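A.B. asks: Okay, here's the structure, questions in a sec.
Please treat every number below as a calculation from the coordinates, not as lab data. All figures in this text were calculated on a predicted structure; none of them were measured in a lab. We place every Cβ from the backbone using ideal geometry, glycine too, and count neighbours over all the protein chains shown.
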Amino acid sequence: MKSLPLELLRPIVGHLKYDSDALLAVSLASRELRVEGQRNLFRRMVLASDHKAQIKFLTVIISSTVLAQYVEEFQQFELIDPMQQEKLEPLWSLTCRGLQAMVNLKYLFFGAAYGEPCAEILRGCTFQLEILRWENYYDAERLFEFLTSQRKLRILGAKWTKSELNTSDICPGLQVLHGNQHSIDAFFPGRHITSLKWSANPEELRIGGPIYTPPQEFDHLRYLSFGGYNGRPLLSVVYRYLPVLEVLELVGLYVIEVCLIFFCCSLCGSSTYSGACVAPRNPHASGLHPF
Amino acid sequence: MLPEILMLRVFILSNTPPYSGEALLSLEEREEFFPHIFELCNNLQYIDINTEARQYQRWLRDGSPPSDISDNDEVLIPEWNIS
């Protein structure tokens, strides 16, 4: 085994990356194999709601700097007691210390419970994430503080609530955004985001609210998933602002949209469409209220 | 509205919003309604209007039977040319 070069050993063990039992066996087989086995075993940690396993994992990586450095993906949920609305201990404290130890973390998917704010847990973390999915609400100020240090972030999922925060200098390389209208307003300007999953907040759908005009940077969008758990604004809000969009997923379809599309078809004739029935470029002149 | 998105080549309708559990349009209504729209979209290569509660299935305009798709990413790979 000592004669096997690392260039061969690494891809062989790498094939076992989704088989934790096999990786455990490899790690115990010999000292030579242990490094590669553990590197793959600790690379991705998703333990869902298994609190005992989470505590064991976090205890191990807090006690071993080497093992903590192997962690590249970490997903954590249910850190708050839903009945008492209190932090679950010792899981919360261990997660806090564990995150600080994961210096090479690249992908973090985090939800405390019921969307409770908890970005304080990111204080003192030095990792440079590429992907962050943050499933907690009313966290904008503390999350903003964390994001100022993240220069490599490419994919961000976050429900933003503070539109007055100046986000112009953070996350310059963002390419993919999952979020609500506040997230769009905070992270589209000045960036080259090509993929958006727009999940509206209930207040975005309020009847009588202001007509929304997307930022100029919608010109770069190639992929759009429009809608989520709460529904979505009408397609008429965005369709004029998507000159290079290639892929569109609509979540749900409203009766008024069916009527409008059918009306356009009736005017144009299904085989002779020439663009003559398009709505005005100025959304305010269309008379269509987006909500 | 869809024909105005000039570069559109893939369209997916997730017909059931997660919160409601009921399809907004029946499959028959969709099959009757959408082909007229797609004839107006010059660059459209792939459509999927038979996606119930994000359990994606293919529905092709050439009459091919639907088939299950396990990975959502597969849906975004156009396999069928409208021409």
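A.B. asks: What are the residues whose amide H is under 5 Å from the amide H of B:Ile47, where those residues sit 5 or more places off or on another chain and H is modelled from the backbone?
C.D. replies: Amide H to amide H, under 5 Å and 5 or more residues apart or across chains, B:Ile47 pairs with B:Phe11.
A.B. asks: So, one more: For chain A, what does the helix formula give at 222 nm: sum of -39500 (n - 2.57) over DSSP H segments with n ≥ 4, over the residue count, nearest 500 deg cm²/dmol? List each step's numbers first, then the result.
C.D. replies: Details: 9 runs with 89 residues, N = 291.
My calculation for chain A gives -9000 deg cm²/dmol from helical runs alone.
A.B. asks: Turning to a different aspect of this structure: How big is the antiparallel share of DSSP beta bridges in segment A:1-146, given as a percent to the nearest 5?
C.D. replies: The answer is about 15 percent antiparallel.
A.B. asks: Taking only C-alpha pairs under 8 Å that are 6+ residues apart, what is the relative contact order of segment A:152-201 in percent?
C.D. replies: RCO, segment A:152-201: 39 percent.
A.B. asks: For segment A:177-263, what relative contact order do you get, as a whole percent, if you take Cα pairs closer than 8 Å and at least 6 residues apart?
C.D. replies: Numbers: 131 pairs, mean separation 24.4, N = 87.
Relative contact order comes out at 28 percent.
A.B. asks: Still on this structure, please answer the following. By count of other Cβ within 10 Å, fewest leading, how are A:His178, A:His192, B:His36 ordered?
C.D. replies: In order of increasing Cβ crowding within 10 Å: A:His192, B:His36, A:His178.
A.B. asks: Quick one: A:Ile155, B:Ile5, A:Ile211, fewest Cβ neighbours within 10 Å first, how do they rank? All intermediate terms of the calculation are to be shown ahead of the outcome.
C.D. replies: Values: A:Ile155 17, B:Ile5 24, A:Ile211 14.
Sorted ascending by nearby Cβ count, the order is A:Ile211, A:Ile155, B:Ile5.
A.B. asks: Then there is this: Where does each of A:Tyr137, A:Tyr229 land when they are ranked from fewest to most other beta-carbon atoms within 10 angstrom?
C.D. replies: Numbers: A:Tyr137 17, A:Tyr229 11.
By the 10 Å Cβ count, ascending: A:Tyr229, A:Tyr137.
A.B. asks: Please identify the chymotrypsin sites (Phe, Trp or Tyr not before Pro) of segment A:13-106 that satisfy two criteria: DSSP loop assignment and at most 16 other Cβ atoms within 10 Å. Which are they?
C.D. replies: A:Tyr18
A.B. asks: Give me the lysines in straight-line cross-link reach of A:Lys106: C-alpha distance below 19 Å, same-chain residues under 8 apart excluded.
C.D. replies: A:Lys17, A:Lys152
A.B. asks: Provide the net charge surrounding A:Lys152, with neighbours chosen by a C-beta distance below 12 Å and charges set as Lys +1, Arg +1, Asp -1, Glu -1.
C.D. replies: Once all neighbours under 12 Å are counted, the net charge is +2.
A.B. asks: From zero outward in steps of 5 Å, how is the percent of C-alpha pairs of chain A spread across the bins?
C.D. replies: With 5 Å bins starting at 0, P(r) equals 1, 5, 10, 13, 14, 12, 11, 10, 8, 6, 4, 3, 2, 1, 0, 0.
A.B. asks: Sticking with this one: What net charge is computed for the residues neighbouring A:Pro214, neighbours being all others with C-beta under 12 Å from the C-beta of A:Pro214, Lys and Arg scored +1, Asp and Glu -1?
C.D. replies: -2
A.B. asks: Using the Cα centre of segment A:59-144 as the reference point, and only Cβ charges (+1 on K/R, -1 on D/E), how large is the resulting charge dipole? Debye, rounded to the nearest 20.
C.D. replies: Value, rounded to 20: 280 debye.
A.B. asks: Still on this structure, I have one more. Are there GluC sites (Glu not before Pro) in segment A:122-221 that DSSP marks as loop and that have at most 13 other Cβ atoms within 10 Å, and which are they?
C.D. replies: Hits after loop and neighbour filter: A:Glu164.
A.B. asks: Have a look at A:Ile55, A:Phe144, A:Tyr212 and report the one farthest towards the positive end of the charge dipole of chain A, computed about the Cα centre with Cβ charges (Lys/Arg +1, Asp/Glu -1).
C.D. replies: Value: A:Ile55.
A.B. asks: Among A:Leu16, A:Leu79, A:Trp134, flag the residue with its Cα farthest along the positive direction of the charge dipole of chain A, charges on Cβ as +1 for Lys/Arg and -1 for Asp/Glu.
C.D. replies: Farthest along the dipole direction, towards plus: A:Leu16.
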